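Asker: Take this structure, written in structure tokens, and hold onto it; I'll ask about it next.
The values are calculated or read from the model by the stated rules, or taken from the named source; none is laboratory data. Values in this document were obtained by computation on a predicted structure and should not be read as measured data. As a convention, Cβ positions derive from the backbone with ideal geometry for all residues, glycine included, and neighbour counts pool all protein chains shown. For the accessible areas, the whole protein counts, side chains as well, though only heavy atoms, and no ligand, DNA or RNA atoms are used. Shrake-Rupley method; radii C 1.70, N 1.55, O 1.52, S 1.80 Å.
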Amino acid sequence: MEKLRGRVWKYGPNINTDVIIPGRYCHITDPKELARYCMADLDTEFIKKIKPGDIVVAGGNFGCGSSREVAPLSIKASGIGGVVAPSFARIFYRNAINIGFPIFESAAAYEQIDEGDEVEIDPDTGTIHDLTKGTEYKAAAFPEFLQTIMSRGGLRGYAEEELARQSAS
Amino acid sequence: MGTLAEEIFSRRVGRQVRAGEIVVAPVDYVMSHDNTTPIAIESFKKLGMPIWDPERVIIVFDHMIPAPTRQAAQQHRDIRDFMAENGLTTLLTDGICHQVLVEKGYIVPGGLVVGADSHSCTYGALGCFGTGMGSTDVAVIYATGKSWFRVPETMRISLHGHLQPGVYAKDACLALARTLDVDGATYMAMEFGGEAVDGMDISERMTLSNMSIEMGAKAGLVEPDERTLAYVAPRARDPFEPVYPVDPTYAREVELDVSLLEPQVSCPNEVSNVVGVTEVQGTPLDQVFIGTCTNGRLDDMAIAAGVLEGKTVNPNTRLIVTPASRDVYAEAARLGYLQTFMEAGAQVNTPGCGPCIGRHQGVLTAGERALTTQNRNFKGRMGDPTSELFLGSPATAAASAIAGHIADPRQFV
């Protein structure tokens, strides 16, 4: 996968799906429209200030709450390149992988990277490089099974290939 | 050998599995509702495959029913069309998905059911591994009947002692959330036990299981017992064989003595922000909501009606009561509970999710404050981002509606 590079926007722990994309926007399915409301109840300036490729660094349990897939979809559609956090809520974690949105687990990165830092992330190795500080962090490796899903661009790509393989054998 | 979660997955895949393994397992049913089905349909269409088993894909309309907007009506229309095109026949419009799936016998001990809703962990109350997933995961299950699971480590939760009058499963669960915090069980299954749980009926166990996700858990399981079997036997749609833990090894064990617990209230804006009711009593409330998949069942209606009998709702407060399902609604009507609510000045709404996610039937405006029996008090959950939500039991809710502020229900029981 291509390297991600951008400026960091930093948030605290337990960022839930209701503030990422509030219930009143959950009927929206068009990613472009979803992006307009990304983080609506967390940071009303979010969508105005970010640039494509920017990185969100947040505290643990990121994406807790609802199963709404529109949460990672809206972040992806907003142009954010990826999210770094010490841990992700389980359903958000699955949803992000399924839609091919990069997430990285690193407690040290959350502790030390500051808002405004320029970072570069290599999704293949999980290396998070803080270019502003000249520091480096290593994200937890994904289980092999999930790496396979990610290498197919998400769950749908994986399922299509898997089913084709099964029907061929 | 293993925890209830390990044993359920071992049975599914036909070999002994351990926590940490990733398995691909067949599910009994897959459920999605009017809020999560539209994106699942888009994903499913892109897959370009037929439905795995039309009888095992369940669609529920509960988040926006009756349709409050033209947009919601159109989404319902689109889902109905999709169902007709794909031969799907199970459209349930009888109330909240989790309540209805349990009532209608889709959930059995030892089962594995995935729902496109985070509170699908409710099914754990019957010893079924229920878990929530997103729309793409669910779309792949529509097509294959299978999903991947990381077999979870298990946190054993033992609730000791017996709850005092006026203190309920909801209070025990809120106390647990304070203990574990909102991420204490992330990636894990919870397994509830102890004499307090043994003494709970299925509805109360559903309250516990329902809120396990609020501590990050992927499932909230209760080992089946005679009560479980007595509840499930007359409803089960499929033959089933209960699964039990066998010499389990737990990743963590948590003990909580509930015998001295007072009614609990979760304060804005995090579920684990829990205090005893006496610490926040007197906080003025604009709205009180009794309902949801956490606390909208018949026993919840009975408790609330018991408190509200012969009383009136404070004129500065609105009380909304929404039974979780048509069955609960009908039975609450037959037993006179709905009459009690209406005579007290409550608005009684049709079964469904109601205002829990701030879409309709009681949305809050800026600065308003509500106490609700639901499971989440996230910022903006019931409407405006500056509104505030407190969580409590149906008894605390009913007592607070009478007082017009947060009140201790023990004076009424």
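Yes or no, residue by residue, for (1) under 23 Å from residue A:16 (Cβ atoms); (2) outside any loop (DSSP other than H, G, I, E, B):
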| site | (1), (2) |
| --- | --- |
| B:310 | no, no |
| B:320 | no, yes |
| B:333 | no, yes |
| B:355 | yes, yes |
| B:385 | yes, no |
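Asker: A further question on this structure: Considering only region B:150-165, I want to know if a residue exists there that is charged (D, E, K, R), within 14 Å of chain A (Cβ to nearest Cβ) and surrounded by fewer than 24 Cβ atoms within 10 Å (Cβ to Cβ).
Answerer: The answer is yes; a qualifying residue exists.
Asker: Further question: State which residue is nearest to the chain's Cα centre (by Cα) when the search covers only region B:8-20 and only residues that are more than 10 Å from chain A (Cβ to nearest Cβ) and not aliphatic (A, V, I, L, M).
Answerer: Filtering first and then ranking leaves B:9.
Asker: What about residue A:66, is it open to solvent by less than 20 Å² (accessible area, probe 1.4 Å), within 11 Å of chain B (Cβ to nearest Cβ) and hydroxyl-bearing (Ser, Thr, Tyr)?
Answerer: In short, yes.
Asker: Take the conditions open to solvent by 10 Å² or more (accessible area, probe 1.4 Å) and either within 13 Å of chain A (Cβ to nearest Cβ) or in a helix (DSSP H, G or I) (or both) and apply them to residue B:137. Does it pass?
Answerer: It is false that residue B:137 is open to solvent by 10 Å² or more (accessible area, probe 1.4 Å) and either within 13 Å of chain A (Cβ to nearest Cβ) or in a helix (DSSP H, G or I) (or both).
Asker: Within region B:106-114, can one find any residue that is closer than 30 Å to residue B:226 by Cα, within 9 Å of another protein chain (Cβ to nearest Cβ) and touching a Cys at 6+ places or on another chain (Cβ under 6 Å)?
Answerer: no
Asker: On to the next question. Among residues belonging to region A:11-35 that are β-branched (Val, Ile, Thr) and in contact with a helix residue (DSSP H, G or I) (Cβ under 9 Å, 6 or more places away or on another chain), point out the one that is nearest to the other protein chains (Cβ to nearest Cβ).
Answerer: The selected residue is A:29.
Asker: Would you confirm whether or not region B:294-302 contains a residue that is polar (S, T, N, Q) and open to solvent by 10 Å² or more (accessible area, probe 1.4 Å)?
Answerer: No, every residue in region B:294-302 fails to be polar (S, T, N, Q) and open to solvent by 10 Å² or more (accessible area, probe 1.4 Å).
Asker: I would also like to ask the following. Could you list all residues from region A:114-125 that are part of a loop (DSSP other than H, G, I, E, B) and at pLDDT 95 or above?
Answerer: A:114, A:115, A:116, A:117 - these are the residues of region A:114-125 that are part of a loop (DSSP other than H, G, I, E, B) and at pLDDT 95 or above.
Asker: Please specify each residue of region B:100-109 satisfying the condition of being touching a helix residue (DSSP H, G or I) at 6+ places or on another chain (Cβ under 6 Å) and not aliphatic (A, V, I, L, M).
Answerer: B:103, B:109 - these are the residues of region B:100-109 that are touching a helix residue (DSSP H, G or I) at 6+ places or on another chain (Cβ under 6 Å) and not aliphatic (A, V, I, L, M).
Asker: Next question. Do you know which residues across region A:143-157 are open to solvent by 40 Å² or more (accessible area, probe 1.4 Å) and either within 17 Å of residue B:149 (Cβ to Cβ) or in a helix (DSSP H, G or I) (or both)?
Answerer: A:143, A:144, A:145, A:147, A:148, A:150, A:151, A:156
Asker: Check region B:275-292 and report whether any residue there is out of contact with any helix residue (DSSP H, G or I) (no Cβ under 6 Å at 6 or more places or on another chain), farther than 23 Å from residue B:6 by Cα and within 14 Å of chain A (Cβ to nearest Cβ).
Answerer: No; the residues of region B:275-292 include none that is out of contact with any helix residue (DSSP H, G or I) (no Cβ under 6 Å at 6 or more places or on another chain), farther than 23 Å from residue B:6 by Cα and within 14 Å of chain A (Cβ to nearest Cβ).
Asker: Right, here's the next one. Hey, any hits in region B:247-261 for a residue that's open to solvent by less than 40 Å² (accessible area, probe 1.4 Å) and of a type in the set (Ser, Thr, Tyr)?
Answerer: yes
Asker: Could you please let me know if residue B:385 is more than 14 Å from chain A (Cβ to nearest Cβ) and either open to solvent by 50 Å² or more (accessible area, probe 1.4 Å) or out of contact with any Phe, Trp or Tyr (no Cβ under 8 Å at 6 or more places or on another chain) (or both)?
Answerer: For residue B:385, the condition - more than 14 Å from chain A (Cβ to nearest Cβ) and either open to solvent by 50 Å² or more (accessible area, probe 1.4 Å) or out of contact with any Phe, Trp or Tyr (no Cβ under 8 Å at 6 or more places or on another chain) (or both) - is not met.
Asker: Please indicate, with yes or no, whether at least one residue in region B:329-350 is surrounded by fewer than 18 Cβ atoms within 10 Å (Cβ to Cβ), more than 17 Å from residue B:402 (Cβ to Cβ) and hydroxyl-bearing (Ser, Thr, Tyr).
Answerer: The answer is yes, given that some residue of region B:329-350 is surrounded by fewer than 18 Cβ atoms within 10 Å (Cβ to Cβ), more than 17 Å from residue B:402 (Cβ to Cβ) and hydroxyl-bearing (Ser, Thr, Tyr).
Asker: Hey, can you tell me all the residues within region A:36-51 that are without any contact (Cβ under 8 Å) to a residue 40 or more places away in the chain and either open to solvent by 60 Å² or more (accessible area, probe 1.4 Å) or away from chain B (no Cβ under 12 Å) (or both)?
Answerer: If the condition is that a residue be without any contact (Cβ under 8 Å) to a residue 40 or more places away in the chain and either open to solvent by 60 Å² or more (accessible area, probe 1.4 Å) or away from chain B (no Cβ under 12 Å) (or both), then A:36, A:44, A:45, A:46, A:47, A:48 are the ones that fit.
Asker: For residues that are more than 14 Å from chain B (Cβ to nearest Cβ) and in contact with a strand residue (DSSP E or B) (Cβ under 8 Å, 6 or more places away or on another chain), scanning just region A:136-159, find the one that is nearest to residue A:60 (Cα to Cα).
Answerer: The extreme case among them is A:139.
Asker: Taking residue B:75 as the residue in question, decide whether it is of a type in the set (S, T, N, Q), in the same structural domain as residue B:107 (by TED's automatic domain parsing), open to solvent by 10 Å² or more (accessible area, probe 1.4 Å) and without any contact (Cβ under 8 Å) to a residue 40 or more places away in the chain.
Answerer: No: the conditions fail for residue B:75.
Asker: Separate question: Considering only region A:82-115, state which residues are closer than 22 Å to residue A:158 by Cβ, away from every other protein chain (no Cβ under 13 Å) and buried (at least 22 other Cβ atoms within 10 Å of the Cβ).
Answerer: Selection gives A:82, A:83, A:103, A:104.
Asker: While we're looking at this one, here's another question. Of all residues in region B:303-319, which are surrounded by 23 or more Cβ atoms within 10 Å (Cβ to Cβ), under 19 Å from residue B:355 (Cβ atoms) and in contact with a Pro (Cβ under 9 Å, 6 or more places away or on another chain)?
Answerer: B:304
Asker: If residue B:361 satisfies every condition in (1) at negative phi; (2) within 14 Å of another protein chain (Cβ to nearest Cβ); (3) at pLDDT 95 or above but one, which is the exception?
Answerer: (1)
Asker: Just checking, how many residues over region A:76-95 are assigned to a helix (DSSP H, G or I) and farther than 19 Å from residue A:138 by Cβ?
Answerer: 8
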